[in-house]
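*Asks:* Structure below; questions to follow.
The values are calculated or read from the model by the stated rules, or taken from the named source; none is laboratory data. As the structure is a prediction and not an experimental result, all values here were calculated from the model. Counting neighbours? That spans all protein chains shown, and the Cβs are built from the backbone with ideal geometry, glycine included.
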Amino acid sequence: MPKKVIVLCYRKIIDSTNTNPWDRFVHEDSFAEFKMQAQYYNQPQQYNTFAEMLLHIPEAEKLHFLVSAAITGYLRQLNGIIPDVLDNLGRRFLTFEHFKFEIINSDIRHPEKHKIAINFFSKPLIWHDTIGDQLLVSQHKEEEAEIFTNLFAVQPFVSIHSIKNID
Amino acid sequence: MERKNFIRSLMIGAVSTPVIIEACKKSSITDGTSTSGSGTAGTTASTNGTCTVAPTETEGPFPTKVPASYVRSDITDGRTGYKMTVKITVGNLNNNCAALAGALVDIWHCDAEGNYSEYGGSGMQSTNYQSVHFLRGRQTTDANGLVTFTTIFPGWYTGRATHIHVHVYNAAGTSLNVTQIAFPEGSGTSLALVNGYTKGMTGYTYNNADNVFSDDKTGVQIAAVSGTLTAGFDLTFKLNVKA
(Lines give C-alpha, C1' and ligand atoms only; values in the text may rest on other atoms or scores of the structure.)
Protein backbone atom coordinates (compact mmCIF):
# COMPACT_ATOMS: atom_id res chain seq x y z
CA MET A 1 0.00 0.00 0.00
CA PRO A 2 1.17 3.60 -0.51
CA LYS A 3 2.73 4.99 2.62
CA LYS A 4 0.67 7.40 4.66
CA VAL A 5 1.60 9.75 7.46
CA ILE A 6 -1.03 9.80 10.19
CA VAL A 7 -1.62 11.69 13.42
CA LEU A 8 -3.56 9.79 16.05
CA CYS A 9 -5.87 11.41 18.56
CA TYR A 10 -6.54 9.78 21.92
CA ARG A 11 -9.41 11.33 23.86
CA LYS A 12 -8.86 10.53 27.53
CA ILE A 13 -12.03 10.99 29.55
CA ILE A 14 -11.66 11.71 33.25
CA ASP A 15 -14.51 11.90 35.76
CA SER A 16 -15.01 11.27 39.46
CA THR A 17 -14.84 7.49 38.95
CA ASN A 18 -11.22 7.53 37.77
CA THR A 19 -8.95 6.11 40.45
CA ASN A 20 -5.33 6.44 39.40
CA PRO A 21 -3.43 9.31 41.06
CA TRP A 22 -2.67 11.27 37.89
CA ASP A 23 -6.32 11.19 36.84
CA ARG A 24 -7.42 12.19 40.36
CA PHE A 25 -5.08 15.21 40.42
CA VAL A 26 -6.24 16.32 36.99
CA HIS A 27 -9.86 15.96 38.06
CA GLU A 28 -9.46 17.84 41.36
CA ASP A 29 -7.31 20.65 40.03
CA SER A 30 -9.33 21.25 36.88
CA PHE A 31 -12.49 21.41 39.01
CA ALA A 32 -10.90 23.93 41.40
CA GLU A 33 -9.73 26.05 38.45
CA PHE A 34 -13.15 25.80 36.81
CA LYS A 35 -14.79 27.12 39.98
CA MET A 36 -12.35 30.05 40.08
CA GLN A 37 -12.40 30.99 36.40
CA ALA A 38 -16.14 30.53 35.95
CA GLN A 39 -16.71 33.44 38.35
CA TYR A 40 -15.36 35.80 35.70
CA TYR A 41 -18.22 34.98 33.31
CA ASN A 42 -20.80 34.05 35.91
CA GLN A 43 -21.24 37.28 37.91
CA PRO A 44 -23.03 37.16 40.27
CA GLN A 45 -23.14 33.39 40.53
CA GLN A 46 -26.29 32.95 38.49
CA TYR A 47 -25.60 29.57 36.95
CA ASN A 48 -24.25 26.37 38.40
CA THR A 49 -23.53 24.11 35.44
CA PHE A 50 -21.13 24.60 32.57
CA ALA A 51 -23.99 23.84 30.16
CA GLU A 52 -26.08 26.72 31.56
CA MET A 53 -23.11 29.08 31.37
CA LEU A 54 -22.48 28.19 27.73
CA LEU A 55 -26.15 28.65 26.90
CA HIS A 56 -26.48 32.08 28.52
CA ILE A 57 -22.93 33.44 28.29
CA PRO A 58 -21.35 32.36 24.97
CA GLU A 59 -17.90 33.72 26.00
CA ALA A 60 -17.81 31.02 28.70
CA GLU A 61 -16.55 28.84 25.83
CA LYS A 62 -13.12 30.23 26.75
CA LEU A 63 -13.25 28.25 29.99
CA HIS A 64 -11.98 25.18 28.09
CA PHE A 65 -8.77 27.08 27.44
CA LEU A 66 -8.58 28.94 30.75
CA VAL A 67 -9.07 25.82 32.86
CA SER A 68 -6.47 23.90 30.83
CA ALA A 69 -3.71 25.77 32.71
CA ALA A 70 -4.62 23.66 35.74
CA ILE A 71 -3.47 20.51 33.95
CA THR A 72 -0.48 21.49 31.81
CA GLY A 73 1.85 20.75 34.75
CA TYR A 74 0.48 17.20 34.77
CA LEU A 75 0.97 16.91 31.00
CA ARG A 76 4.65 17.74 31.58
CA GLN A 77 4.88 14.85 34.05
CA LEU A 78 4.00 12.46 31.21
CA ASN A 79 7.37 13.24 29.58
CA GLY A 80 5.79 13.49 26.16
CA ILE A 81 4.29 9.98 26.19
CA ILE A 82 0.56 9.48 25.63
CA PRO A 83 -0.92 7.41 28.49
CA ASP A 84 -3.15 4.31 28.26
CA VAL A 85 -2.67 3.55 24.54
CA LEU A 86 -0.58 0.39 24.22
CA ASP A 87 0.96 -1.43 21.31
CA ASN A 88 0.53 -5.18 20.92
CA LEU A 89 3.50 -5.75 23.24
CA GLY A 90 1.66 -3.90 26.00
CA ARG A 91 3.82 -0.79 25.95
CA ARG A 92 2.97 2.87 25.62
CA PHE A 93 4.51 4.00 22.34
CA LEU A 94 2.81 7.23 21.22
CA THR A 95 4.57 10.54 21.78
CA PHE A 96 2.88 13.94 21.83
CA GLU A 97 3.44 17.68 21.99
CA HIS A 98 -0.07 18.85 21.19
CA PHE A 99 -3.24 18.54 23.20
CA LYS A 100 -6.66 20.04 23.58
CA PHE A 101 -8.50 20.16 26.86
CA GLU A 102 -12.29 20.05 27.08
CA ILE A 103 -14.75 20.45 29.89
CA ILE A 104 -17.48 17.94 29.07
CA ASN A 105 -19.73 18.74 32.04
CA SER A 106 -19.29 20.52 35.31
CA ASP A 107 -21.24 21.98 38.18
CA ILE A 108 -19.71 24.43 40.65
CA ARG A 109 -21.70 22.78 43.48
CA HIS A 110 -20.81 19.16 42.73
CA PRO A 111 -17.26 17.97 42.01
CA GLU A 112 -18.65 14.52 41.18
CA LYS A 113 -20.39 16.03 38.12
CA HIS A 114 -17.10 17.39 36.80
CA LYS A 115 -16.11 15.46 33.68
CA ILE A 116 -13.33 16.46 31.32
CA ALA A 117 -11.44 15.17 28.29
CA ILE A 118 -7.84 15.58 27.25
CA ASN A 119 -7.26 15.06 23.55
CA PHE A 120 -3.70 13.93 22.95
CA PHE A 121 -2.42 14.36 19.39
CA SER A 122 0.42 12.01 18.52
CA LYS A 123 3.54 13.08 16.70
CA PRO A 124 3.24 12.06 13.02
CA LEU A 125 3.56 8.32 12.32
CA ILE A 126 4.13 6.42 9.11
CA TRP A 127 1.43 3.83 8.52
CA HIS A 128 3.25 0.99 6.77
CA ASP A 129 0.72 -1.78 6.68
CA THR A 130 -2.36 -3.31 8.25
CA ILE A 131 -2.03 -6.83 9.67
CA GLY A 132 -5.32 -8.35 10.78
CA ASP A 133 -6.89 -5.72 13.01
CA GLN A 134 -3.55 -4.08 13.79
CA LEU A 135 -1.77 -1.13 12.27
CA LEU A 136 1.98 -1.27 11.70
CA VAL A 137 3.43 2.20 12.28
CA SER A 138 6.76 3.90 12.92
CA GLN A 139 7.89 7.34 13.96
CA HIS A 140 7.95 9.71 11.01
CA LYS A 141 11.58 10.66 10.36
CA GLU A 142 14.30 10.68 7.74
CA GLU A 143 14.57 7.32 5.97
CA GLU A 144 17.14 4.97 7.39
CA ALA A 145 18.04 1.44 6.39
CA GLU A 146 16.05 -0.01 9.25
CA ILE A 147 13.23 1.57 11.21
CA PHE A 148 11.66 0.44 14.44
CA THR A 149 7.95 -0.21 14.24
CA ASN A 150 5.00 -0.64 16.58
CA LEU A 151 2.02 -2.89 15.96
CA PHE A 152 -1.22 -1.81 17.65
CA ALA A 153 -4.97 -2.24 17.53
CA VAL A 154 -7.13 0.89 17.40
CA GLN A 155 -8.90 0.94 20.77
CA PRO A 156 -11.98 2.91 21.84
CA PHE A 157 -11.36 6.69 22.10
CA VAL A 158 -8.44 6.45 19.65
CA SER A 159 -8.93 7.83 16.17
CA ILE A 160 -6.88 8.85 13.16
CA HIS A 161 -6.89 12.64 13.39
CA SER A 162 -5.23 13.43 10.05
CA ILE A 163 -3.66 11.63 7.10
CA LYS A 164 -1.28 12.50 4.29
CA ASN A 165 -0.02 10.34 1.39
CA ILE A 166 3.72 10.30 0.82
CA ASP A 167 5.62 9.03 -2.27
CA MET B 1 15.44 11.06 19.61
CA GLU B 2 12.79 8.58 18.42
CA ARG B 3 15.31 5.75 18.65
CA LYS B 4 16.07 6.84 22.20
CA ASN B 5 12.37 6.64 23.01
CA PHE B 6 12.20 3.21 21.55
CA ILE B 7 15.18 2.03 23.53
CA ARG B 8 13.72 3.59 26.64
CA SER B 9 10.49 1.70 26.11
CA LEU B 10 12.49 -1.52 25.76
CA MET B 11 14.18 -0.77 29.06
CA ILE B 12 10.83 -0.22 30.73
CA GLY B 13 9.83 -3.65 29.43
CA ALA B 14 13.01 -5.27 30.73
CA VAL B 15 12.34 -4.30 34.31
CA SER B 16 8.83 -5.68 34.29
CA THR B 17 9.99 -9.19 35.31
CA PRO B 18 9.73 -8.49 39.06
CA VAL B 19 6.00 -8.10 38.55
CA ILE B 20 5.79 -11.74 37.56
CA ILE B 21 7.81 -12.79 40.59
CA GLU B 22 5.49 -10.71 42.74
CA ALA B 23 2.50 -12.46 41.18
CA CYS B 24 3.95 -15.89 42.02
CA LYS B 25 4.56 -14.80 45.58
CA LYS B 26 0.96 -13.74 45.96
CA SER B 27 -0.44 -17.08 44.91
CA SER B 28 1.92 -18.97 47.21
CA ILE B 29 0.61 -16.93 50.12
CA THR B 30 -3.02 -17.67 49.35
CA ASP B 31 -2.26 -21.40 49.08
CA GLY B 32 -2.89 -23.17 52.36
CA THR B 33 -4.70 -20.38 54.20
CA SER B 34 -6.58 -21.35 57.34
CA THR B 35 -10.32 -21.97 57.28
CA SER B 36 -11.11 -18.93 59.44
CA GLY B 37 -10.98 -16.67 56.38
CA SER B 38 -9.86 -13.09 56.16
CA GLY B 39 -10.58 -9.85 54.34
CA THR B 40 -13.94 -8.64 53.15
CA ALA B 41 -15.85 -9.19 49.95
CA GLY B 42 -14.24 -7.10 47.20
CA THR B 43 -16.11 -4.71 44.96
CA THR B 44 -13.74 -4.77 41.99
CA ALA B 45 -15.69 -6.01 38.98
CA SER B 46 -14.01 -8.28 36.49
CA THR B 47 -12.69 -6.75 33.32
CA ASN B 48 -10.95 -9.99 32.42
CA GLY B 49 -11.65 -11.28 28.94
CA THR B 50 -12.08 -7.91 27.27
CA CYS B 51 -10.13 -7.86 24.06
CA THR B 52 -7.31 -5.50 25.01
CA VAL B 53 -3.64 -5.85 25.74
CA ALA B 54 -2.96 -5.48 29.45
CA PRO B 55 -0.33 -2.92 30.44
CA THR B 56 3.04 -4.59 30.88
CA GLU B 57 5.16 -1.68 31.98
CA THR B 58 6.61 -0.61 35.25
CA GLU B 59 4.34 1.96 36.89
CA GLY B 60 5.30 5.57 36.73
CA PRO B 61 6.39 8.26 36.37
CA PHE B 62 4.62 8.94 39.64
CA PRO B 63 2.49 12.07 39.52
CA THR B 64 2.96 14.84 42.04
CA LYS B 65 0.57 17.68 42.79
CA VAL B 66 1.41 20.76 40.68
CA PRO B 67 -0.21 24.20 40.70
CA ALA B 68 -1.83 25.67 37.61
CA SER B 69 0.71 26.87 35.07
CA TYR B 70 -0.49 30.42 35.82
CA VAL B 71 1.47 30.35 39.08
CA ARG B 72 4.74 32.08 38.18
CA SER B 73 6.07 35.59 38.46
CA ASP B 74 7.58 35.80 34.96
CA ILE B 75 4.70 35.43 32.52
CA THR B 76 6.62 36.42 29.38
CA ASP B 77 6.85 32.88 27.90
CA GLY B 78 9.19 34.06 25.17
CA ARG B 79 6.96 36.88 23.92
CA THR B 80 9.04 39.78 22.69
CA GLY B 81 8.47 43.38 23.72
CA TYR B 82 9.70 46.03 26.15
CA LYS B 83 10.23 44.53 29.58
CA MET B 84 7.78 45.64 32.24
CA THR B 85 7.55 44.88 35.97
CA VAL B 86 4.01 44.96 37.32
CA LYS B 87 3.56 45.56 41.05
CA ILE B 88 -0.01 45.38 42.31
CA THR B 89 -0.84 46.07 45.96
CA VAL B 90 -4.16 44.76 47.23
CA GLY B 91 -5.88 46.56 50.10
CA ASN B 92 -8.96 45.60 52.08
CA LEU B 93 -11.84 48.12 51.94
CA ASN B 94 -13.30 46.47 55.03
CA ASN B 95 -10.12 47.26 56.96
CA ASN B 96 -9.29 50.88 56.03
CA CYS B 97 -7.58 49.62 52.86
CA ALA B 98 -4.83 47.94 54.89
CA ALA B 99 -2.72 45.39 53.04
CA LEU B 100 -4.54 42.15 52.24
CA ALA B 101 -2.19 39.19 52.54
CA GLY B 102 -2.84 35.76 51.01
CA ALA B 103 -5.10 36.97 48.19
CA LEU B 104 -4.71 35.39 44.74
CA VAL B 105 -4.13 37.85 41.92
CA ASP B 106 -4.56 36.80 38.29
CA ILE B 107 -3.42 39.13 35.53
CA TRP B 108 -3.56 38.71 31.77
CA HIS B 109 -2.93 40.95 28.80
CA CYS B 110 -2.24 40.84 25.07
CA ASP B 111 1.18 40.59 23.39
CA ALA B 112 2.92 43.28 21.33
CA GLU B 113 0.70 42.49 18.32
CA GLY B 114 -2.50 42.68 20.38
CA ASN B 115 -3.17 38.94 20.65
CA TYR B 116 -4.14 36.97 23.75
CA SER B 117 -3.13 33.40 24.44
CA GLU B 118 -6.20 31.31 23.72
CA TYR B 119 -7.40 28.49 21.54
CA GLY B 120 -7.71 29.83 18.05
CA GLY B 121 -10.04 28.90 15.25
CA SER B 122 -11.79 25.61 14.78
CA GLY B 123 -12.59 22.96 17.36
CA MET B 124 -10.00 20.65 15.85
CA GLN B 125 -7.09 22.94 16.63
CA SER B 126 -4.60 21.63 19.15
CA THR B 127 -1.95 23.50 21.11
CA ASN B 128 1.58 22.77 22.19
CA TYR B 129 1.38 22.25 25.94
CA GLN B 130 4.73 23.94 26.65
CA SER B 131 3.82 27.57 25.96
CA VAL B 132 0.07 27.80 25.73
CA HIS B 133 -0.75 30.31 28.48
CA PHE B 134 1.61 33.18 27.65
CA LEU B 135 1.09 36.55 29.35
CA ARG B 136 -1.22 35.08 31.99
CA GLY B 137 -0.12 34.73 35.60
CA ARG B 138 -1.16 34.19 39.20
CA GLN B 139 0.59 35.25 42.40
CA THR B 140 -0.37 35.34 46.07
CA THR B 141 -0.09 38.67 47.93
CA ASP B 142 2.60 38.90 50.61
CA ALA B 143 2.27 40.53 54.06
CA ASN B 144 2.32 43.94 52.34
CA GLY B 145 -0.48 42.94 49.97
CA LEU B 146 2.00 42.99 47.09
CA VAL B 147 2.35 40.77 44.03
CA THR B 148 5.04 41.23 41.36
CA PHE B 149 4.99 40.05 37.75
CA THR B 150 7.62 40.29 35.05
CA THR B 151 6.12 40.71 31.60
CA ILE B 152 6.23 42.91 28.49
CA PHE B 153 4.47 46.19 27.81
CA PRO B 154 1.13 45.22 26.21
CA GLY B 155 0.31 46.05 22.63
CA TRP B 156 -3.14 47.19 21.56
CA TYR B 157 -5.99 46.05 19.36
CA THR B 158 -8.84 47.82 17.62
CA GLY B 159 -11.53 49.25 19.89
CA ARG B 160 -9.61 49.18 23.17
CA ALA B 161 -7.08 51.30 25.03
CA THR B 162 -3.99 49.46 26.29
CA HIS B 163 -4.96 47.57 29.44
CA ILE B 164 -4.20 44.71 31.83
CA HIS B 165 -6.94 42.48 33.19
CA VAL B 166 -6.92 41.72 36.92
CA HIS B 167 -8.98 39.19 38.88
CA VAL B 168 -8.51 39.04 42.66
CA TYR B 169 -9.66 36.03 44.68
CA ASN B 170 -9.47 35.27 48.37
CA ALA B 171 -7.28 32.36 49.46
CA ALA B 172 -10.20 29.96 48.97
CA GLY B 173 -10.61 31.02 45.33
CA THR B 174 -13.76 33.14 45.80
CA SER B 175 -13.83 36.12 43.45
CA LEU B 176 -13.36 39.48 45.20
CA ASN B 177 -12.88 41.81 42.27
CA VAL B 178 -12.55 41.84 38.48
CA THR B 179 -11.10 44.97 36.95
CA GLN B 180 -8.73 46.39 34.34
CA ILE B 181 -5.68 48.62 34.66
CA ALA B 182 -5.36 51.57 32.28
CA PHE B 183 -2.15 53.35 31.20
CA PRO B 184 -1.32 57.07 31.45
CA GLU B 185 -1.33 58.91 28.12
CA GLY B 186 0.41 61.91 26.61
CA SER B 187 3.92 62.93 25.62
CA GLY B 188 6.73 61.24 27.54
CA THR B 189 4.49 58.49 28.95
CA SER B 190 5.33 54.83 28.48
CA LEU B 191 2.45 54.58 26.04
CA ALA B 192 3.96 57.33 23.88
CA LEU B 193 7.45 55.82 24.10
CA VAL B 194 6.36 52.33 23.07
CA ASN B 195 4.21 53.97 20.40
CA GLY B 196 2.15 50.86 19.68
CA TYR B 197 5.22 48.78 18.72
CA THR B 198 5.22 48.15 14.95
CA LYS B 199 1.55 49.13 14.58
CA GLY B 200 2.02 52.79 15.51
CA MET B 201 -0.91 54.61 17.07
CA THR B 202 -3.13 55.18 14.04
CA GLY B 203 -6.62 53.99 14.94
CA TYR B 204 -5.79 53.73 18.65
CA THR B 205 -8.64 54.07 21.16
CA TYR B 206 -7.65 56.41 24.03
CA ASN B 207 -8.93 56.04 27.59
CA ASN B 208 -11.61 58.72 27.20
CA ALA B 209 -13.12 56.85 24.24
CA ASP B 210 -12.67 53.37 25.71
CA ASN B 211 -15.88 51.58 26.72
CA VAL B 212 -14.31 50.39 30.00
CA PHE B 213 -12.24 53.41 31.06
CA SER B 214 -14.27 56.38 29.69
CA ASP B 215 -16.36 56.64 32.88
CA ASP B 216 -13.20 56.85 35.04
CA LYS B 217 -13.09 60.66 35.29
CA THR B 218 -10.71 60.74 38.26
CA GLY B 219 -8.12 58.31 36.88
CA VAL B 220 -8.53 55.73 39.65
CA GLN B 221 -8.03 52.93 37.09
CA ILE B 222 -4.85 54.47 35.65
CA ALA B 223 -1.59 52.95 36.89
CA ALA B 224 1.65 54.79 37.60
CA VAL B 225 4.17 53.75 34.94
CA SER B 226 7.81 54.88 34.83
CA GLY B 227 10.89 53.79 32.87
CA THR B 228 12.42 53.86 29.43
CA LEU B 229 12.52 51.63 26.36
CA THR B 230 16.07 50.45 27.14
CA ALA B 231 15.70 49.99 30.91
CA GLY B 232 12.15 48.68 30.78
CA PHE B 233 9.08 49.94 32.61
CA ASP B 234 7.74 49.70 36.16
CA LEU B 235 4.01 49.71 36.67
CA THR B 236 2.48 50.14 40.12
CA PHE B 237 -1.19 49.90 40.96
CA LYS B 238 -3.22 49.86 44.18
CA LEU B 239 -6.39 47.83 44.14
CA ASN B 240 -8.82 47.84 47.04
CA VAL B 241 -11.29 45.01 47.45
CA LYS B 242 -13.88 44.00 50.03
CA ALA B 243 -12.48 41.00 51.84
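*Asks:* Would you pick out the residues in segment B:222-243 that are crowded, with 16+ Cβ neighbours inside 10 Å, in a loop (DSSP other than H, G, I, E, B) and at pLDDT 95 or above?
*Replies:* Listed by number, the list holds a single entry, B:223.
*Asks:* Condition first: touching a residue at least 24 places away in the same chain (Cβ under 8 Å) and either among the charged types (D, E, K, R) or under 13 Å from residue B:243 (Cβ atoms) (or both). Now tell me which residues in segment B:158-172 satisfy that.
*Replies:* Across segment B:158-172, the qualifying residues are B:160, B:168, B:169, B:170, B:171.
*Asks:* Considering only segment A:158-167, state which residues are over 21 Å from the mean Cα position of the chain (by Cα) and part of a strand (DSSP E or B).
*Replies:* The initial filter retains those residues of segment A:158-167 that are over 21 Å from the mean Cα position of the chain (by Cα), namely A:164-167.
If the condition is that a residue be over 21 Å from the mean Cα position of the chain (by Cα) and part of a strand (DSSP E or B), then A:164, A:165 are the ones that fit.
*Asks:* Looking at (1) within 11 Å of another protein chain (Cβ to nearest Cβ); (2) of a type outside the set (Ser, Thr, Tyr); (3) farther than 25 Å from residue B:140 by Cα, can you tell me which one residue B:114 breaks?
*Replies:* So the condition that residue B:114 fails would be (1).
*Asks:* Which ones in segment B:178-207 are touching a residue at least 12 places away in the same chain (Cβ under 8 Å) and at positive phi?
*Replies:* Once the filter is applied, which keeps residues that are touching a residue at least 12 places away in the same chain (Cβ under 8 Å) and at positive phi, segment B:178-207 yields B:196, B:197, B:203.
*Asks:* Within segment A:9-42, can you find the residues that are within 13 Å of chain B (Cβ to nearest Cβ), surrounded by fewer than 18 Cβ atoms within 10 Å (Cβ to Cβ) and touching a strand residue (DSSP E or B) at 6+ places or on another chain (Cβ under 7 Å)?
*Replies:* Answer for segment A:9-42, where residues must be within 13 Å of chain B (Cβ to nearest Cβ), surrounded by fewer than 18 Cβ atoms within 10 Å (Cβ to Cβ) and touching a strand residue (DSSP E or B) at 6+ places or on another chain (Cβ under 7 Å): just A:11.
*Asks:* Are there any helices (runs of 4 or more DSSP H) wholly within segment A:50-157 with 2 or more residues that are away from chain B (no Cβ under 13 Å) and either surrounded by 19 or more Cβ atoms within 10 Å (Cβ to Cβ) or basic (Lys, Arg) (or both), and if so which?
*Replies:* Here the list reads A:50-56.
*Asks:* Restricting attention to segment B:120-141, does a residue exist that is in contact with a strand residue (DSSP E or B) (Cβ under 8 Å, 6 or more places away or on another chain), free of Cβ contacts under 8 Å to residues at least 60 places away in the same chain, crowded, with 18+ Cβ neighbours inside 10 Å and not in a loop (DSSP other than H, G, I, E, B)?
*Replies:* Yes, because at least one residue in segment B:120-141 is in contact with a strand residue (DSSP E or B) (Cβ under 8 Å, 6 or more places away or on another chain), free of Cβ contacts under 8 Å to residues at least 60 places away in the same chain, crowded, with 18+ Cβ neighbours inside 10 Å and not in a loop (DSSP other than H, G, I, E, B).
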